[in-house]
1. Is there any pair linking a residue in region 354-372 that is touching a residue at least 60 places away in the same chain (Cβ under 8 Å) and more than 20 Å from VAL387 (Cα to Cα) to one that is more than 9 Å from the ligand (Cβ to nearest atom) and assigned to a loop (DSSP other than H, G, I, E, B), with Cβ under 6 Å and at least six apart or on different chains, and which?
2. Residue pairs, Cβ under 9 Å, 6 or more apart or interchain, first in region 49-71 and in contact (Cβ under 8 Å) with a residue 60 or more places away in the chain, second assigned to a helix (DSSP H, G or I) and surrounded by 14 or more Cβ atoms within 10 Å (Cβ to Cβ). List them.
3. From the residues in region 268-282 that are assigned to a helix (DSSP H, G or I) and in contact with a Ser or Thr (Cβ under 8 Å, 6 or more places away or on another chain), which one is farthest from ALA397 (Cα to Cα)?
4. For region 121-149, name all the residues that are part of a loop (DSSP other than H, G, I, E, B), of a type in the set (A, V, I, L, M) and more than 30 Å from ALA188 (Cα to Cα).
5. All but one of (1) within 16 Å of the ligand (Cβ to nearest atom); (2) part of a strand (DSSP E or B); (3) without any contact (Cβ under 8 Å) to a residue 24 or more places away in the chain; (4) not β-branched (Val, Ile, Thr) hold for ALA188; state the number of the condition that does not hold.
6. Would you mention how many residues in region 195-238 are on the phi > 0 side of the Ramachandran plot and either away from the ligand (no atom under 16 Å from the Cβ) or not assigned by TED's automatic domain parsing to the domain that holds ARG176 (or both)?
7. Does region 202-215 include one or more residues that are more than 26 Å from the chain's Cα centre (by Cα) and in a helix (DSSP H, G or I)?
Amino acid sequence: MNTPDLKPLANHKNQAPTPDRADTSEQNMDNRELHISSRIPGFYELSIGERLAVVSSVAGLTDSERFHLGQFGSLNGELADVFIENAVGTFSLPLGVATNFVINGRDILVPMAVEESSVLAAASHGAKLARAGGGFKTSTTLPIMTGQVQLFLTSTCDFDTILNARKDELIAFANRGQDSLLARGGGAREIDWHYIPEMHSVVIHIHIDTREAMGANIVNTMCERVSTLMPGILPCEIGLRILTNLTEKRMAKAECLIPASAFDSPDYKGTDVVDRIEKAYLFAYYDVHRATTNNKGIMNGIDPILIATGNDWRAIEAGCHSWAARDGKYRPLATWRKTLHGDLHGSLEVPMAVGVVGGVTKLHPTARASLRLMGNPDASTLAQTIVATGLAQNLSALRALASEGIQRGHMSLHQKNLTLLQQHATSPRNSN
Ligand code: NDP
């Protein structure tokens, strides 16, 4: 096993230059010399309009640039200022609706916020292929999140025996003060731990049912609470206390079975396409470069729904990629196999901690409307829809790659972007 070198890092000034890397100080973005100071005391206390004026002046923005930074769509300035610190405006993304989805026998419209052309077309196409086999079958585990409390042992002790004896007490203590969560049927369920010998550190995992919430704040609160008990239980100093985004106890799964005939086309026999999709999956299984792009395609289906519903897509990204590497090698997230009858079976199971309460899900008007479009799902149903869309996206990409190639469909849809870009470049208004 490679262990990290724990020697203090060299002073930045003493580090050798890295000739392969571009020196960004010499890059001149947009051909303008910028001599700015980013030290703006009290910036966070200004109003949105004042902040916009200050940064526009410091960065020398044109009126047009300033106008576009300070735009508000359905998210008004008041909400933007509540959601994040230092807000100056909002950033718009196209919001589309993917069609053809049948999940557990029910038709559903899937809202997706994304900037990339062909993503919605691919999701809808993948869902149409899956529909030929009855659609997606999906499920989730219970919404169990896991928090970590790290302890540094200050002397040797039999922590296994001690913690086993105090387990129930710790769970009860974690739940104290969580009356509303308990009333909803949630709360801390289990505690386990592992030891990191290199750090002489015991890491306690608290597994908590967070019901309809993603649960980061619930979990972090409970971890901090439990940590206060620990010095009375073990000889230790407290380390970090925070949830893990590798939510392996909060998983969502989607499967589909597609008849080979669904892939028949004038140019390709369906049975050949099935063979080639299976080989494409195996390529990703054995080759990390392919696996990475394969999983990017799956996240093309997952992230846009997370964004449209106000969920934390960074949390899901982190969890999915970590899950992809769980056996020590980064693997494709979905599997595709030919059945004994020659049809195609696909399966995707990933950590999927999403909420329909908490975060901005109930506050962002577009997130609310997106959830309404999906029939106001509970968190489990939302997770299932997301994972089905990730599988549909992967199916569509692999079908194209295994037959005519990805560029024909992608570029015909992307062409409108390129045309606009050319018009933009030649427009005198945009020459600055
Ligand atoms: P919130 O703290 O915003 O909301 C959760 C609260 O919603 C609960 O504590 C509960 O409060 C209330 N609630 C109402 N109805 C329900 C219900 N049916 N089930 C459960 N809770 C309910 O959000 P989360 O704890 O979900 O945390 C998510 C946020 O944390 C996201 O914005 C995320 O970006 C952020 N975050 C993520 C981190 C990470 O992923 N590493 C780290 C830190 C933050 P009450 O009981 O009082 O009604």
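1. Partner pairs satisfying both residue conditions: PRO365/SER74; THR366/SER74.
2. Matching pairs, first to second residue: THR62/SER56.
3. GLY270
4. Looking only at region 121-149, we keep the residues that are part of a loop (DSSP other than H, G, I, E, B), and these are 132-135, 141-143.
Within this subset, residues satisfying the condition of being of a type in the set (A, V, I, L, M) are 132, 142.
Result: ALA132, single match.
5. (3)
6. Going residue by residue through region 195-238, those that are on the phi > 0 side of the Ramachandran plot are 200, 211, 215.
Still in the list and also either away from the ligand (no atom under 16 Å from the Cβ) or not assigned by TED's automatic domain parsing to the domain that holds ARG176 (or both): 200.
Number of matching residues: 1.
7. No: zero hits.
The rows are residues; the columns are (1) within 13 Å of the ligand (Cβ to nearest atom); (2) over 14 Å from the mean Cα position of the chain (by Cα); (3) charged (D, E, K, R).
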site	(1), (2), (3)
GLY297	no, no, no
ASN300	no, no, no
ILE307	yes, no, no
TRP313	yes, no, no
ALA324	no, no, no
LEU344	no, yes, no
LYS362	yes, yes, yes
THR366	no, yes, no
SER370	no, yes, no
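The values are calculated or read from the model by the stated rules, or taken from the named source; none is laboratory data. All values derive from a computational prediction rather than experimental measurement. In this analysis, Cβ positions are derived from the backbone assuming ideal geometry, glycine residues included, and neighbour counts consider all displayed protein chains.
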